[in-house]
Amino acid sequence: MTEAKVKKNKSAIQRRLIPTYIFLIICSFLSVFPFYWMISAATNKSLDVARGKLALGDQAAVNLRNLLNGYDLWHDMANSFKYATTQTILAIFICSLAGFGFELYHDKLKDKVFSILLLAMMIPQVATMIPLFKMMSAMGFLNTVVGFMLPAISTPFLIMMFRQNSRSFPLDIMEAARIDGLSEWGIYWRMYMPVMKATYAAAAVITFMNAWNSYLWPKVVLNKPEAQTMPMLIANISGGYTVDYGLLMMAVLFCSVPTMVIFFVLQKQFAEGITGAVK
């Protein structure tokens, strides 16, 4: 094939891909636009935001000062980070241990128990809200980290994800480790966790984002101002008779930054964990 024919074929392929590129550009714009609008609104006056102004403004410092003076932003950020981090660490440990056991030591009884766990995914959270609140109140866990994270440190979804991804774990390694005298705990700590690090990263991203953005359960179990989280702060700002949209979007921007940082840092491992990749 001559060089001219090669160039002609490349040009034809590029022309056929033009609609695909246009579609991807539109999708990218629709995905990025809400984030841009959030930043734009945080830098404008409330009236300009209500009018639909999209250009960046010069009110960012004013909105930030009003937010810091009117609300305990750093305290609520610290609460959210403390609750979300603690829940994430415990959840990925407990759920990974359960997934490890269900798949690598499975029998018919464990399969039946796992089926019951999957059925629990069908129960909406609001249906368990009142019993959970009564339990937390009876145990004295209201307005505590334990009350916030206890219902969510073991979730059927995470257990299912770890169990499914554990099917790619090489069983020959376990047998060789047992022959060498490594205990079952040693297999979990020294072999299973390093091999399944992508799944741990995906589970950490999912759990942290859910815990950080959680509003309904914290609103029920954390009823003291000093235990308030960032979603509750945003709800308080937006719940007044008059809403300062510039201040509100500044608070939303601060609330969004930690989850974005976590996702961008672990996005590669997140993609591998969701697809079940094991190295």
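Quick notes
- Options Val220, Ala198, Ser238, ranked by Cα towards positive dipole end of the chain, top entry (Cβ charges): Ala198
- Among Pro151, Ile89, Ala42 the positive-end extreme of the charge dipole of the chain (Cβ point charges): Ala42
- Proximity of backbone amide H atoms, modeled 1.01 Å from N, is registered between Thr43 and Gly57 at under 5 Å, excluding neighbours fewer than 5 places apart on the same chain.
- Charge dipole of region 118-269 (Cα centre as origin; +1 on each Lys and Arg Cβ, -1 on each Asp and Glu Cβ, all else neutral): 120 debye, rounded to the nearest 20.
- Simple Cβ-charge dipole of the chain, Lys/Arg +1 and Asp/Glu -1, about Cα centre, in debye nearest 20: 980
- For the residue pairs Lys112/Lys134; Lys82/Lys197; Lys134/Lys197; Lys82/Lys224, the alpha carbons lie more than 26 Å apart in Lys112/Lys134; Lys134/Lys197.
- Of Val243, Val32, Val195, the sequence from fewest to most neighbouring Cβ atoms within 10 angstrom is Val32, Val243, Val195.
- Our coupling estimate for region 29-45, obtained by passing each phi through the Karplus curve with A = 6.51, B = -1.76, C = 1.60 and θ = phi - 60°, is 4, 5, 6, 8, 4, x, 5, 5, 5, 4, 5, 4, 5, 5, 10, 10, 6 Hz, Gly and Pro reported as x.
- Calculated SAXS-style log₁₀ I(q)/I(0) at q = 0.15, 0.19, 0.20, 0.32 Å⁻¹ - region 72-112, Debye, Cα scatterers: -0.52, -0.62, -0.65, -0.95
- Each Lys and Arg adds +1 at its Cβ and each Asp and Glu adds -1 at its Cβ; summed about the Cα centre, region 178-253 shows a dipole of about 140 debye.
- Estimated translational diffusion coefficient (Stokes-Einstein, Kirkwood radius over Cα pairs, 37 °C, 0.692 mPa s) of region 62-275: 171 µm² per second.
- Across region 145-158, coupling constants 3J(HN,Hα) worked out from phi with the 6.51/-1.76/1.60 Karplus curve, θ = phi - 60°, read 4, 4, x, 5, 9, 4, x, 10, 7, 9, 10, x, 5, 5 Hz, and Gly and Pro carry x.
- Exposure proxy ranking, count of Cβ atoms within 10 Å, fewest first, for Arg163, Arg65, Arg15: Arg15, Arg65, Arg163
- Only DSSP H runs of four or more residues enter the estimate; each adds -39500 (n - 2.57), and after division by the residues of the chain the mean residue ellipticity at 222 nm equals -23500 deg cm²/dmol.
Coordinate-derived values only; no laboratory data. Predicted model, so just to flag it, every value in this text is computed and none were measured. Every residue, glycine among them, receives a Cβ derived from its backbone with ideal geometry; neighbour counts consider all protein chains shown.
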